[in-house]
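Below is one structure, written out as structure tokens; comments come after it.
The values are calculated or read from the model by the stated rules, or taken from the named source; none is laboratory data. This one's a predicted model, so the numbers in the text were calculated from it and none came from an experiment. When we count neighbours, we look across all protein chains shown, and the Cβ atoms used for this are built from the backbone with ideal geometry, even at glycine. Note: areas computed on protein heavy atoms with side chains; ligands, DNA, RNA excluded. Shrake-Rupley method; radii C 1.70, N 1.55, O 1.52, S 1.80 Å.
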Amino acid sequence: MKESNSLQNHIGMPQAIALYIGAVLGSGILIVPGLAAEMAGPASLLAWGFMTLLILPMALSMGLLSAKFPNAGGVSHFVTLAFGERAGTLVGWFFLMSVPIGAPVAALTGGGYMSAAMGWGEPARIALAAAILATGLGMNWVGMQLAGKVQIAVVVAIVAVLVFAFAAALPRMDSASFTPFVPHGWMNVGKATAILFWCFIGWEAVSHLSEEFKDPQRAAVKGVTISAIIVGALYFLTALAVVGTESYLKGSSSSLVWMITRPLGHWGGLVAGLTGLFICTATIIAYVGAASRVAYAMARQGHAPQWMSRMSGRFHTPIGALAFLLLCFTTVMTLYGSGLVSLTTLITFPNATFILTYIGGCAAGIRLLKGSRFGVTISWISFAATAAVFPFTGMAIAYPGIIAVFYLTFSYYNNKRKTAIKTQPAPVKRPEQRSEVS
């Protein structure tokens, strides 16, 4: 039996697959197929096809590392093994500080989708977003065994609705919708590919849960392969339906809603809204789990405040790290609710840190998987693709710069404190104390 201050091995193959799908099949599927079709026309399907092929090496590079080095530190742990403690800790902080902003953005997206579908206002959107975040925190507090089971149910519901949307759209697809095939030029196909890249990031998140896999080798490698095939197929079929029905011409952000509402009529809005809500909830469950584990891992190694390593005595979950995320979520939602920060501004912040985390993980794969030519090859492919997208992050590069300054400051004062403790003279026992002992 594991000690109460350690994580439990509760995640089996079905839960691992659901967590992978939930982390990758995020809010992007709600708007990106329409946005890409609006940008590149039917030729956007070439971009989807390319990214669907690329998804497997991206997923497997993280899966192989998780199988070989299962640890709550995830990518941070891999980078530490490959490039040293300082580089690994910095990558860990990059990932950790992406989620406090990225999760509220996803929650507001899901809440906005539901409120728009039902004709509700901004207060309802904020309330729904807060409920999604509370669900993500609550599931991870109770433990990954329950969170994994809930994730399975949510992912099955999402897949069912997306398959239904494609099946319902199939009779309405017209070959005329695919001509002209390249209406806006080949350059726009390249731009669409860069946008699609964001839909296929998320494999690195579940690596932080690998310490809780019942069978890391099976869950990480086989689980990630199955998940990659399912996610790639769902994205491509959704994009095909969006182009074939020309629903993107009715607005890129509402193309999926239109496909769902048309066959269902009055109930379509509710189904579309719930789909958006479920997709974003699944993403947040996975990312809250990942962020809390990396915070716990860094705290137990002394690279984050010690209180973040506190475990729940009842559920054996990192309650200190979850409390940190609760504080961050409350702050971000308060800023958004007060109107001081817009959703557009919030979206830009985590982009660069997510990409840098992935670049670090792929670079670690190149070094750590040297015994496998296949592992090194897919790590190089993933590294090159991720590095090519990084310049498109623009001004978002300032956010990891701020995190780096914070980390260096914390590290400096933490080392200074440790040195002071070591150099303190040992307390001298008084004569009466020595005689008592003897």
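Within region 68-79, can one find any residue that is in contact (Cβ under 8 Å) with a residue 60 or more places away in the chain, part of a helix (DSSP H, G or I), out of contact with any Gly (no Cβ under 7 Å at 6 or more places or on another chain) and not charged (D, E, K, R)? For region 68-79, residues in contact (Cβ under 8 Å) with a residue 60 or more places away in the chain, part of a helix (DSSP H, G or I), out of contact with any Gly (no Cβ under 7 Å at 6 or more places or on another chain) and not charged (D, E, K, R): absent.
Within the group 335, 326, which residue is outside any loop (DSSP other than H, G, I, E, B) and either buried (at least 24 other Cβ atoms within 10 Å of the Cβ) or under 19 Å from the mean Cα position of the chain (by Cα) (or both)?
Selected residue: 326, the only one of 335, 326 that is outside any loop (DSSP other than H, G, I, E, B) and either buried (at least 24 other Cβ atoms within 10 Å of the Cβ) or under 19 Å from the mean Cα position of the chain (by Cα) (or both).
Counting only residues that are open to solvent by less than 20 Å² (accessible area, probe 1.4 Å) and not in a helix (DSSP H, G or I), region 85-111 holds 1 of them.
Count of region 333-354 residues, restricted to those that are closer than 27 Å to residue 389 by Cα and in contact (Cβ under 8 Å) with a residue 40 or more places away in the chain, is 10. Residue count for region 158-188, restricted to those that are open to solvent by 30 Å² or more (accessible area, probe 1.4 Å), closer than 20 Å to residue 234 by Cα and of a type in the set (Gly, Ala, Ser): 2.
Only residues that are under 17 Å from residue 218 (Cα atoms) and of a type outside the set (A, V, I, L, M) were counted across region 58-104, and they come to 8.
Table: residues versus (1) free of Cβ contacts under 8 Å to residues at least 24 places away in the same chain; (2) out of contact with any Gly (no Cβ under 6 Å at 6 or more places or on another chain); (3) under 20 Å from residue 37 (Cβ atoms).
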| residue | (1), (2), (3) |
| --- | --- |
| 129 | no, no, no |
| 138 | yes, yes, no |
| 157 | no, yes, no |
| 174 | no, yes, yes |
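The set of residues in region 112-131 that are modelled with pLDDT of 90 or more and open to solvent by less than 10 Å² (accessible area, probe 1.4 Å) contains only 129.
Just for helices (runs of 4 or more DSSP H) wholly inside region 189-302: which have at least 2 residues that are open to solvent by 40 Å² or more (accessible area, probe 1.4 Å), touching a helix residue (DSSP H, G or I) at 6+ places or on another chain (Cβ under 7 Å) and on the phi < 0 side of the Ramachandran plot? Quick ask: steps written out before the conclusion?
Working: elements: 203-206, 223-244, 255-264, 268-300.
Answer list for region 189-302: 223-244, 255-264, 268-300.
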